[in-house]
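Okay, so here's the structure we're looking at.
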């Protein structure tokens, strides 16, 4: 699913919204969001139960075993 | 222009923000986003409630609410619908603040799925934590004047008692208690939940509420956009009637035509 040649890189295993994914080692959270097809400006990211401030999404590298919740706004009452 | 006809003359304030419309509408249960957006437009609402949920990572290109209702024009009020503990609600609103940058939020902590009645112990606990973290929580609550006072003391910026169970459309079952809440509150009081049709919204406003929040009454109407218009009118009419001060009630008739000069 990733646009770059995953097989040439070492990959790590993470969980996003309860689903297991393998992603290239060293990817930032911002790039992870983009690769998932998400606009970083429209989502909030929680990593291992801690919120990652949007301003730091580019700086934080995804690590093996990380557990992410990525949320946005949907219709509700 | 007469005093009551000036649209900016009767704004209400919550947490330092001023709004002309006293109707807050939800964004759930609509057929699609286009219908939802049309209903919001027809309602004249300046605030909409929204839920915080996981993005769909299997299909990220699905249309999003923000594509249809512009958060730069309409104030998004993130809610905690579906949360049954203070911790879940606080976690949800921290994420909402990160996603949108908003501190004005709608707190609801539910006690059970069958009635969706608020759990006031958890609600109060969450209100205290959120206020300390700089949130401005508008709080869905029971029609309990003691609990409402505690919420205010804890930092609630608005008290939002239910008029009937969420999604029930039964209309206000508790007019006396709603009126007591209005009389004692130092922050805005909005009926949140229970409205079924336009007259219910008018009743809430005639009791002196600062506003009404509704979702299902519009979304589940056969013609949601027309019902949104009806609700706009009902809230405005109820508010005007409250400001005008209704006549006293009598048990027997009182003729409107003069008795003198009868042939």
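The values are calculated or read from the model by the stated rules, or taken from the named source; none is laboratory data. From a predicted model like this one, the values you see are computed outputs, not experimental measurements. Methodologically, a virtual Cβ is constructed for each residue, glycine included, from the backbone with ideal geometry; neighbour enumeration extends over all protein chains shown.
Suppose the filter is touching a helix residue (DSSP H, G or I) at 6+ places or on another chain (Cβ under 9 Å) and either more than 14 Å from residue B:213 (Cβ to Cβ) or at pLDDT 90 or above (or both); does residue B:36 pass it? Yes. In segment B:151-160, which residue that is in contact with a helix residue (DSSP H, G or I) (Cβ under 6 Å, 6 or more places away or on another chain) and not in a helix (DSSP H, G or I) is surrounded by the fewest Cβ atoms within 10 Å (Cβ to Cβ)? The extreme case among them is B:155. Taking residue B:193 as the residue in question, decide whether it is on the phi > 0 side of the Ramachandran plot and in contact with a strand residue (DSSP E or B) (Cβ under 8 Å, 6 or more places away or on another chain). For residue B:193, the condition - on the phi > 0 side of the Ramachandran plot and in contact with a strand residue (DSSP E or B) (Cβ under 8 Å, 6 or more places away or on another chain) - is met.
In the set (1) assigned to a loop (DSSP other than H, G, I, E, B); (2) away from chain A (no Cβ under 14 Å), the condition left unmet by residue B:148 is number (1). Please tell me if residue B:185 is more than 17 Å from residue B:24 (Cα to Cα) and within 15 Å of the chain's Cα centre (by Cα). Criteria not met by residue B:185.
Quick one: in segment B:125-140, which of the residues that are part of a helix (DSSP H, G or I) and over 19 Å from the mean Cα position of the chain (by Cα) is surrounded by the fewest Cβ atoms within 10 Å (Cβ to Cβ)?
Taking the candidates together, the pick is B:132.
Looking only at segment A:26-63, residues that are more than 7 Å from chain B (Cβ to nearest Cβ), assigned to a loop (DSSP other than H, G, I, E, B) and under 12 Å from the mean Cα position of the chain (by Cα) come to 9 in all. Quick check, is residue B:143 closer than 23 Å to residue B:130 by Cα and either modelled with pLDDT of 95 or more or surrounded by fewer than 19 Cβ atoms within 10 Å (Cβ to Cβ) (or both)? So residue B:143 passes the test. Counting only strands (runs of 3 or more DSSP E) that sit completely within segment B:11-120, those holding 2 or more residues that are surrounded by 16 or more Cβ atoms within 10 Å (Cβ to Cβ) and within 11 Å of another protein chain (Cβ to nearest Cβ) correspond to B:23-25, B:47-54, B:75-78.
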